[in-house]
Each structure stands twice: as structure tokens, then as C-alpha cells.
Amino acid sequence: MKSTVTSGLFAEGRSEPSVSRLNGREGVAPGDGAGAATGRSARAMPEARYRYALPQLGDAIFLTDGGLETTLIFQDGFELPHFAAFDLLASERGRRGLRTYYERYAAMARSNRLGLVLESPTWRANIDWASRLGYDRARLADANREAIALMVEVRDAFATQAAPMVISGNIGPRGDGYDPGRPMSAEQAEAYHAEQVSTFADTAADMVAAVTMTNVEEAVGVTRAAVAARMPVAISFTVETDGRLPTGQSLADAVLTVDRETGAAPAYYMLNCAHPTHFDAILDDAPWTRRLRGLRANASSKSHAELDAAPELDPGDPVEFGRQYRALRQKVRGLTILGGCCGTDHRHIEQIRLACIAA
């Protein structure tokens, strides 16, 4: 996702399962790891359908949406100060635009009998970014809840037994999604992100996903906050054109470090906001790649710096994009959660579906 500003570029009556069950990883006990919390009381969650068993951990392909913010800006004509899509929930026009956006992907998934992960439009809905838009903590919490309520509406309208739809509370970085700046410690990141994670835990969200993570410390912090809130969590790192995190750390080392520091708490890992050509060379059959399940790539092969400076959207070639996903899945067979990031839209996701289902 583009990181900077604006117009540029539990169920009732059931006991709590172990955190390892929550994260879909039998035999792994992240509750024994650093930062795990105990004693959280069970909550009645009649709408959270998959919090105890995420269906996307099987072998079937699940789709996601494409580049939410770039579509809203460049195709739908919305202004998104600070790239904050959640702010659209404050108006009827904005809420309608968001619902229309998600419905297109939900209809695609249902008509093709595929699962869908509905990522809420809350990538910027943390206090640092929201305060720039005039939100206080109470209003921000309401916005996060409203975002999940919108995902529930879409799910209830489109999901079928053949097309399950998982609701994910999307969490973005505290700072810039392209530049790690001065990273927080893992402890600071846990305390910071606990606010948004806890809000999602009290909604119908099935899980949370930390997206466009630029550094390990923040990823560890979000993971620990999710464990404390008894929420399944996915971690999605972004990489530069050399396949390394913006900090210079290798993706393999980042995944292994988060697993070591959290007792392998994430349900799975993903890659986002980089083009397939940026990370193709680093993906092989090494054991760590078995932790990778999701991919949300950029349409453009430009670097983060080039994208940040670009006055126009580069949509790339959707057909070639689909072929690149198919090639990546042939290298890493566990890649089953497929969607897009900056510059992608329904055309790219359709080409991914065609290429990968055929494969």
C-alpha cells in the first residue's frame, strides 16, 4: 500500500479454546510464549463464525480484494487524506462506496465457489493516523467497529457453504508503510496495537491481520497483542526490490524471528505491497516458506520510492500478473490466499483466479 498522504499517488456457551486452536495450528502453544496473556473471559460472539477454526488454513484457494485505497482514489474518485479509507464510513456516500467495492469481490467469490477473506478498511485506523483526521480514541473505536459491521453485511449477503467469507480486522503500521523509520520495540508495539486489536476482539471479526509490516519488532508486538486478545493473527511483510524488508532484513529471517519470539503464534504469513518480480528469487522450497500462505502483490514493478513519487497509477498487465501468481504457487504450494495491493483491482483478481484455478 502507498504509505503517505492523500490524493497522490467465542460463541455463546462454549469454553475458550487454546490459542493454538485459535490460530489453526494444533500442537503449537503460543500461549506459552512471550507476551501471552491468560484469564481473558469468554465473550459471546454469535457473529464470529471462524475465530476457532480459520477455513483458509486448508488447501482450497481463498481470494481477497485488490488495492482498496488506489481503487477508491483513482477509479471511484474519493479523496482519502492520509490514505485513510476508514474515514469514508463517516458519510453515507463513503459507506456506500466501500460496500460497492467489497461486493464486487464477494460476488466473484460466490459465483466461482471460492472462499474470500474480507479485510476491513482499517489499515490507517490507529490513533497516530486517525488523530490527524480529528478522531479521538472513542470515535476511532467506533469507526473500527463500524468497519467490521460493514464486513458482516457483505458476508451475510454473499457467503454460502461453498464460498465461506472470513472477516479480518486489518491493522497497518504505526508509521510509514514504506519506511520503517525508527522502529518501536516489540513491547512498545504490543502496547500500541493492543487498542485496535482489543476493539476487533469485541466484534464479529474472525481474526486480525497486520499488513505492510516493515520490521520484525512491530510484527512481534502485533502478534503478542493478538495472543493476549485471543485472536488469530496473520502477519504480512512488505519487501523492497531486492526481496528484503525495508530494514534490510531477509524475509526468511523475519519470519523465523517472529516465530521464535512468539512461539510460532501467527496463523500464517503473507507478502504484500511488492511486485512478484521483487521476491520471486527468494522463494524456494526452504522450510520457512511453509509458513507463507498469502500473497497480495502490487500491480507495478516500480520500487516503493518510485511509486511514492508517481503522479499516476500504474496498473501493470493483469493477465501477466495472473501468470506470475501461478508461477509463484508452483514454487510455494502453500500459497492459497490470493489478492492484490496497490494498483490492482477486480481485473487482476479475476486473472489470478483464472490462472491459479486452471493450474
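Values in this text are rule-based calculations from the coordinates and carry no lab data. Fair warning: this is a prediction, and the values are worked out from it, not measured in the lab. Note: ideal-geometry Cβ built from the backbone for every residue, glycine included; neighbour counts use all protein chains shown.
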Would you give the gap between the C-alpha center of the stretch 218-255 and the C-alpha center of the stretch 176-212, rounded to a whole Å?
11
Would you kindly derive the ³J(HN,Hα) couplings of the stretch 127-143 from the backbone phi angles with the Karplus curve 6.51 cos²θ - 1.76 cosθ + 1.60 (θ = phi - 60°), listing them in order in whole Hz, with x for Gly and Pro?
5, 4, 7, 5, 5, 5, 9, x, 7, 9, 5, 5, 5, 5, 4, 4, 5
Rounded to the nearest whole number, the Stokes-Einstein translational diffusion coefficient of the stretch 180-254 at 10 °C and 1.306 mPa s (Kirkwood radius, C-alpha pairs) in µm²/s is 126
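Using only alpha-carbon positions, what ratio does the radius of gyration of the stretch 246-359 give when scaled by 2.2 N^0.38 Å?
Ratio of Cα Rg to 2.2 N^0.38 Å: 1.09.
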Label-to-label distance, nm, for residues given as Ala60 and Thr247 (7 Å Cα→Cβ offset)
3.7
Starting from the amide H of Leu63, placed 1.01 Å from N in the peptide plane, find each other amide H under 5 Å away whose residue is 5 or more places distant or on another chain.
Gly115, Leu116, Val117, Leu338
Among the GluC sites (Glu not before Pro) within the stretch 280-334, which fall in a DSSP loop and have no more than 14 other Cβ atoms within 10 Å of their own Cβ?
Glu312
Listed peptides 182-191, 224-233 by packing density, highest first (mean Cβ within 10 Å)
224-233, 182-191
Taking the simple approach of a point 7 Å from Cα along Cα-to-Cβ for both Lys331 and Thr277, what is their distance in nm?
1.4
Separation of the Ala138 and Arg182 label points, Cα + 7 Å toward Cβ, nm:
3.3
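Quick one: compute a quarter of the convex hull surface over the Cα atoms of the chain and quote it in nm².
15.6
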Per residue and in Å³, how big is the convex hull formed by the alpha-carbon atoms of the stretch 115-176?
69
To the nearest whole percent, what portion of all C-alpha pairs in the stretch 148-206 is separated by more than 19 angstrom?
47
How big is the stretch 218-276 by Rg and Dmax over its Cα atoms, in Å?
11.6, 35
